[in-house]
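This report concerns only the one structure given below.
What follows draws every value from the coordinates through simple rules; no lab data is involved. Remember, predicted model here, so these are calculated numbers, not experimental data. Ideal geometry is used to build each Cβ from the backbone, glycine not excepted, and the neighbour counts take in all protein chains shown.
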């Protein structure tokens, strides 16, 4: 599990084909300290497993991950947001982020402000159904608070610190980003779907769903 607080911006050193999909070699800087083969690292929000550790860390990226995320568009020199898996005693500064990307959105526009920048994203409707104003969303692995949620778009505000310490400060109109919606919203939507039979919430229904 992750928190959406980016620890370091790394750089892709190489991308090569593999039997499973692609192999990414990433310079993860200080995050390589005490990293072991098999440990999890969020790369632009996608949870990847360290396959080998040397001067760089290599990750095997499966075809399913390449299809659902922006990782397939990375090349040597690309900058990526990085976060190691949350430890038991770690500070919980963001929100619950699993590293399981739900889909891809695209930056529509940036509204520049003195204290923050407001970014507007075009987004698939099925992802918007899982978003609420003032709720949480992870964009390329960065935990952010939603400002507005519409029928085809959503917006977030970013402070200068976030813009400077992540790759989001380099985004331009039309660029794609990985989106992970709040896991709590996913469970609520599934639960409400089971409630659409017309009987409403009853003690029997709660028991059948394992809540009692």
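Using only Cα atoms and rounding to the nearest 10 degrees, what angle (0 to 90) does helix 183-194 make with the longest principal axis of the chain?
Rounded to the nearest ten degrees, it is 30.
Which ordering of 86, 62, 192 is given by a fewest-first count of other beta-carbon atoms within 10 Å?
192, 62, 86
At 222 nm, what helix-only mean residue ellipticity would the chain give, in deg cm²/dmol to the nearest 500, using -39500 (n - 2.57) for each DSSP H run of four or more?
-4000 deg cm²/dmol
Shape call for segment 95-166 from the C-alpha gyration tensor, a ≥ b ≥ c root eigenvalues: rounded (a/c under 1.5), prolate (a/b greater than b/c) or oblate?
Here segment 95-166 falls in the oblate category.
Tell me which label goes with the value of Cα Rg over 2.2 N^0.38 Å computed from the coordinates here: (i) 1.48; (ii) 1.10; (iii) 1.23.
Of the listed options (i) 1.48; (ii) 1.10; (iii) 1.23, (ii) comes from this structure.
Based on the Kirkwood radius over alpha-carbon pairs, what is the Stokes-Einstein translational diffusion coefficient of segment 8-84 at 25 °C with 0.890 mPa s viscosity, in µm²/s?
In µm²/s, the coefficient is 203.
Can you put 2, 121, 191 in order of Cβ neighbours within 10 angstrom, beginning with the fewest?
The fewest-first ordering by Cβ neighbours comes to 191, 121, 2.
Which of rounded, prolate or oblate describes segment 72-129 when judged by the alpha-carbon gyration tensor and an a/c cut-off of 1.5?
The shape class here is rounded.
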